[in-house]
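First the structure, in the form of structure tokens, and then the observations on it.
The values are calculated or read from the model by the stated rules, or taken from the named source; none is laboratory data. Nothing here was measured: the structure is a model prediction, and the numbers come from that model. Cβ coordinates were reconstructed from backbone atoms using ideal geometry, including for glycine residues, and neighbour counts include every protein chain displayed. For the accessible areas, the whole protein counts, side chains as well, though only heavy atoms, and no ligand, DNA or RNA atoms are used. Shrake-Rupley method; radii C 1.70, N 1.55, O 1.52, S 1.80 Å.
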Amino acid sequence: MTNLTDLTIASALDGLKNKEFSATELTTAHITAMENARDLNCFITETPEIALKQAEAADVRYANGTNLALDGIPIGMKDLFCTDGTQTTAASHILEGFIPQYESTVSGKLWDAGCTMLGKLNLDEFAMGSANTTSYFGNVINPWKDDSGKDLAPGGSSGGSSAALAARLCLGATGTDTGGSIRQPAAFTGICGIKPTYGRCSRWGVVAFASSLDQAGAMARTVEDCAIMLNTMCGHDGRDSTSSTREVPDFTKALEGDLKGKKIGIPKEYRVDGMPEEIEKIWSQGMEWLKNQGAEIVDVSLPHTQYALPTYYIIAPAECSSNLARYDGIRYGLRETGDDLRDLYELTRATGFGKEVQRRIMIGTYVLSAGYYDAYYLKAQKIRRLITQDFDNAFEQVDALLTPTAPSSAFALGENEDDPIKMYLNDVFTVPTSLAGLPGMSVPAGLDSKGLPLGLQIIGKAWDEETVLNVARGIERAANFTAKPQILGLKDKAA
Ligand code: GLN
């Protein structure tokens, strides 16, 4: 019997079509895995009854030949996407008990295509973090282990998504990426994750962090699975004014082409000080792999790279302080009682928001305040423009860029916690892409000497996810990454 939790989306769809197993069997296997892996804390809310109802409907469609694009595929939904009738928390105490009466566009598209919802995945509070340690609902544990015996971080903010995929608890998951939250957790857990171009996926119904950067994307165990998910997730939505009207291509077609004559840029500024040798090595290995498949490696320069992190950590908090102003204790979730209205606001926000979120609200309020706006926020916006221009210039010479995804493999939970700057440094390779609104993808490339996964990042031109996927497929083909984490759902362990 096939191990149902170890399938890819593509192979599961084949199996369902060929009646090798039913959607109900496939979903049940994942529900069992999810329940057996509660120690990893991947899910904030489990919704097995919803998943089974959806699976039943999928089975009817398979029986009468009206099956949909993703019919019967069990997925996890990052708990930042509003789901009609199901608690949506953004991993924050302030939203605990909030049950939306509407569905986000992206999650709605996935249900409409037949996916089954296993539950709502854990994340950093309001997607602010790089280790999934800021969640009100507790840390997520990376199913990968090193010799230290310590629990490792699954990356963040989409840490529930990445850990659940690595542990074989779902076949696909949604993520959101504001400065790296799809790509860095993908790298930390040995899975694939793509952040499409800003505007490809609707932000409607996604709890906002930094609106000019937030973008939904796909996480799965193969490049092809990410392409399959994107086909459903992308597309224009009149309810999001920044959503693009461009036609959505069939992203799976992009995987077919070879890499002959493709020019791949290597940005010299990404060779940052103190980068571990192993990261350098996997990067060079990636270049070799692409060269062997006919691509040409070209050195390029992105001269404003060093300003990307400080720029991001002004713009993102600024937008967060404005977006999070709506949580006042009146309209959503938590309400603390105070002596008067002001007291109610203050107590609710002091109790409801965690430390990292409060830190960002304060930084953001400061950089937007009269007298500092020009010095910080406006300046950051100007540098953002220069960073975008750097990419424009590079893309005159090359088709895509290849870089490491993160400057290290997964670190221990608790590490970097007392030093926010050190935590922010984790985003050094992912943030520039976000500031420029470009598509970026992380694909597993190998293991380091500790036996932990390392990812490579492919960055593309705006709206050219196809080249990104094509190059990612080239890396995937050469890397042939088959390693699995030590902790899997009990069902898998027994198998
Ligand atoms: N780690 C980054 C941050 O904390 C990125 C988060 C994200 O992409 N949502 O802001």
Fill in the blank from the handout: Amide H proximity to Gly119 below 5 Å, modelled H, separation 5+ or other chain, gives Thr47, Met77
Exercise for the section: Output ³J(HN,Hα) for the range 259-268: one whole-Hz value per residue in order, computed from phi by the Karplus curve 6.51 cos²θ - 1.76 cosθ + 1.60 with θ = phi - 60°, and x for Gly and Pro. Expected result: 9, 4, x, 5, 9, 10, x, 10, x, 5
Practice task
First select every other residue whose beta carbon is under 10 angstrom from the beta carbon of Ala208; then total the charges, Lys and Arg +1, Asp and Glu -1.
Solution key: 0
Exercise for the section: Report in % the part of the accessible area of the range 391-495 that belongs to carbon and sulfur, leaving out ligands and nucleic acids; probe 1.4 Å. Expected result: 49
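Thinking of the range 141-219 as a set of Cα atoms, what percent of all their pairs are more than 14 Å apart?
Working: 1770 of 3081 pairs.
The proportion of pairs with Cα distances above 14 Å equals 57 percent.
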Handout entry: Coil-residue GluC sites (Glu not before Pro) of the range 390-495, DSSP, other Cβ within 10 Å capped at 13
Key = Glu396
Exercise for the section: Calculate what fraction, in whole %, of the accessible area of the range 236-365 sits on carbon and sulfur atoms when a 1.4 Å probe is rolled over the protein chains. Expected result: 47
Practice task
Could you order His236, His304 by accessible surface area, starting with the largest, using a probe radius of 1.4 Å?
Solution key: His236, His304
Handout entry: Paired Rg and Dmax values of the range 78-122, which use every Cα atom, in angstrom
Key = 10.3, 32
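Run the dipole for the range 344-386 about the Cα centre, Lys and Arg Cβ at +1, Asp and Glu Cβ at -1, nothing else charged, and hand back the magnitude in debye, nearest 20.
Details: 8 positive and 3 negative charges, 55 e Å.
Result for the range 344-386 is approximately 260 debye, rounded to the nearest 20.
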Problem - All-pairs Cα distance distribution in the chain, expressed in whole percent, bin size 10 Å - result: 4, 21, 33, 27, 12, 3, 0, 0
Completion exercise
Expected field for Cys234, accessible surface area in Å² at 1.4 Å probe radius, rounded to 10, holds 10
Fill in the blank from the handout: Placing +1 on each Lys and Arg Cβ and -1 on each Asp and Glu Cβ in the chain, then taking the dipole about the Cα centre, the residue among Trp463, Tyr373, Thr45 whose Cα reaches farthest towards the positive end is Trp463
Problem - Surface share of carbon and sulfur [accessible, 1.4 angstrom probe, percent] for the range 56-191 - result: 48
Problem - Nearest-10 value in Å² for the accessible area of Val298, using the 1.4 Å probe - result: 30
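Determine the sum of side-chain charges near Ala400: Lys and Arg each +1, Asp and Glu each -1, restricted to other residues whose C-beta is under 11 angstrom from that of Ala400. List each step's numbers first, then the result.
Working: positive: Lys262, Lys263, Lys461; negative: Asp399, Asp464, Glu465, Glu466.
Computed value for this residue: -1.
With all protein chains present and a 1.4 Å probe, how do Ile297, Ile9 order by accessible area, largest first?
Ile297, Ile9
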Completion exercise
Partner lysines whose C-alpha sits under 30 Å from that of Lys263, ignoring same-chain residues fewer than 8 away, are Lys195, Lys253, Lys281, Lys291, Lys382, Lys461
Practice task
Report, largest value first, the span of the C-alpha coordinates of the range 1-123 along each principal axis, in whole Å.
Solution key: 46, 31, 21
Practice task
May I ask for the net charge around Thr176, where only other residues with Cβ less than 11 Å from the Cβ of Thr176 are counted and Lys, Arg are +1 while Asp, Glu are -1?
Solution key: -1
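Heavy-atom accessible area per residue, the chain, 1.4 Å probe: how many Å²?
Details: 18360 Å² over 495 residues.
With the other protein chains kept in place, the chain gives 37 Å² per residue.
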Handout entry: For Val300, distant residues with modelled amide H under 5 Å away
Key = Ile266, Lys268
